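Worksheet: one structure, shown below.
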Amino acid sequence: MKVSEILREIKVLLRIYASSKSSLFGLTVVIGYIIMAAIGPYFIRLDLIGLDKPYQLPSLKHPFGTDYLGRDIFAQIVHGARDVLLLAFIASLITVAISVSLGTIAGIKGGKVDSCLMFITDMMLTIPGFPLLIVVTSLIKGTSNPLILGLIYAMVSWASPARAIRSQVLSLKRRDFVEASRCMGFSTLYIIYFDILPLIMPYVAVNLLLIMIGAIYSLVGLSLIGAIPWSECNWGIMINVAVNYAGALSVPKALPHLIAPLGMIILLQVALIMLSRSIEMIFNPRLRER
Amino acid sequence: MPGNIIDSLIGLYISRYGMSYEDAYRLLSASFGIALEKPLHEQYISFLLNIFTGKLGLSMGYSNIPVIEIVAAAIPWTVFTVSIGLFSSFIIGILLGLLAAYKHGSIIDRFITTLSTITAAIPNYVFAYLLIVIFVTNARLFPMVGAYDASLVTPGFNLPFIIDVLRHAFLPILSYFIASFGNWVLYMRSNVITVLGEDYVQAAKARGLSKSRIMWMYVGRNAMLPLFTLLAINIGYIFGGSTLIEFVFTYPGIGYYISRSVSTRDYPLMQGLFFILIISVTLSNLIADFVYSRLDPRVRFE
């Protein structure tokens, strides 16, 4: 019986991904990026000295051409993908962990705990996130640890998802099955784990992807302005180098160096948003019409 | 704290002027008006007292110019570009969202929704660079750096200056607009679809009111309400709203100085900019609450 249920679920998934081109696009591209980031660096050697002629146009040997020192741009993109994806994933995972736990506690407990937590949340919301991020990362300059950078990102951006999760929990709290569990004397932890969390999980999954999009925006932006010099070929640093050292804005032949990271960011962000919409479709059949 | 600017300046003074450590220390603390020998809490209290009289200290990266002057010079440029970008994306977003919701399921709806989703997901600095590549490098239609060209025009109320300012501001505004109208469209569209299912819209139809009257007075107005709160919050973020766009265009607004103050370790300037940011966000949140209770009588429950 279990097996048939799983098979039915898989069938639904396949039907959704077969019927919606954008979902399929998102899924394929994100998987492609993950594969590139996971195994790409083992196959493609990163050349940091410049072994070839500079300013080459894209060719079979150099799919994205070479930069102003003759280094292969494609290799830099592949190695940068690992940093960008890993950092964005860690950052959004920590953010979601903080916002889900605080949001659920505030929603379930209510009363003083709720108003105290929401006071802190509202205070965090008034501080503009990106400028704060710049200042905090600059204070601990020199760290290249993705865990610490992820933690900083989470500290700055947990507030608004926490509020959203709390309002979800508040609406679930009044439902009959939660009241029933309460009457049966289950502990709050039990209710959170078995009654609340399974129902907000799809919402959390969509949020994870949306936070990841925000994290990529902020973290690539931070390395673009030079606030986090933590990698040789992070995409933000590539853009910075392309503009400031290779002169991509005035020298047309340096353009591939700028367009490659820009294009990779565009493709990744669009794929992530398509993927998040397809997850919404999976869990919310009302969106599936057409 | 790494990169303490006082320490690096002391090092500079010692090597350049052959001062002793104590002399350099005394000179710097006098020139920045910071009593470094006092305990930290006394320094903090004097900092707090100074804020109320508008004394935000002296910039350390821009040769001792008072922070308040830099901030005052930067605010107009940021407010000018970001507010135009914000309001134009808000208005266009509302109109497109309304259109998409009314044509729900049609090809127009799909086009608008897909376009909005894609543009909203792409970072604004990516658009900024693409616009530079298209309009500045290739077509040479617009200038790229600064807010106006001081060698060509004199600041003041004259036509060449205004045209030059508009030409410099066009691309930053456009990149802000492209990156942010999509969110308004998507939010408005989902609100309109919700409102269209409400009873009072059915009642209005049954009363035989004209289509446009229902669309603007019944559906549009109610669907826009939550967006106004968001708009008010975003007005608060105007002051720090486009750090990266200003960085890309070297546009001398608040965001540009934030990124500069970080790389020059200019802590007084950083503090001053942040102070302005937080004041503006808090104020606009307050205004948002007042305005919302005026706009939506249902909120005025007391």
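A few comments on the model shown:
- Across segment A:11-289, the mean sequence separation of Cα contacts (distance under 8 Å, 6 or more residues apart), normalised by length, yields a relative contact order of 27 percent.
- Stretching the chain fully between A:R15 and A:K53 yields a gain of 8.8 nm (0.36 nm per residue, less the alpha carbon separation).
- For segment A:67-84, 3J(HN,Hα) computed residue by residue from phi via the Karplus equation (6.51, -1.76, 1.60; θ = phi - 60°) reads 8, 5, 10, x, 8, 5, 6, 4, 4, 5, 4, 5, 5, x, 4, 4, 4, 5 Hz, glycine and proline entered as x.
- Cβ-Cβ FRET estimate between B:Y200 and A:D176, R0 fixed at 25 Å, reported to 0.05: 0.25
- Averaged over the residues of peptide A:129-139, the number of Cβ atoms from other protein chains lying within 10 Å of each residue's Cβ is 6.
- Taking 7 Å steps out from each Cα toward its Cβ at A:L197 and A:I120 produces label points 2.0 nm apart.
- Peptide B:280-293 has a mean shielding of 1, counted as Cβ atoms of other protein chains within 10 Å of each residue's Cβ.
- Pairs of lysines in chain A (C-alpha under 27 Å apart; 8 or more residues apart or interchain): 7
- Shielding by other protein chains, B:252-264, mean Cβ within 10 Å: 3
- When only the Cβ of Lys, Arg, Asp and Glu is charged (+1, +1, -1, -1), the dipole of chain A relative to its Cα centre reaches about 640 debye.
- When the helices of the protein assembly as shown are scored as -39500 (n - 2.57) per DSSP H run of n ≥ 4 and the total is divided over every residue, the value at 222 nm lands at -23500 deg cm²/dmol.
- Simple label model, 7 Å out from Cα along Cβ direction - B:K103 to B:S83, nm: 3.4 nm
- Among B:229-239, B:128-138, the order from most to least packed when residues are scored by Cβ within 10 Å on average: B:229-239, B:128-138
- With 0.36 nm allotted per residue and the present C-alpha distance subtracted, the A:A38-A:V251 stretch has 73.3 nm of extension available.
- Under the simplified labelling scheme, the A:A97-B:I14 pair shows an inter-label distance of 4.3 nm, with each label point 7 Å from Cα along Cα→Cβ.
Throughout, read-outs are computed from the coordinates displayed, never taken from laboratory work. Just so it is clear, the model here is predicted, and its values are computed rather than measured. As a convention, Cβ positions derive from the backbone with ideal geometry for all residues, glycine included, and neighbour counts pool all protein chains shown.
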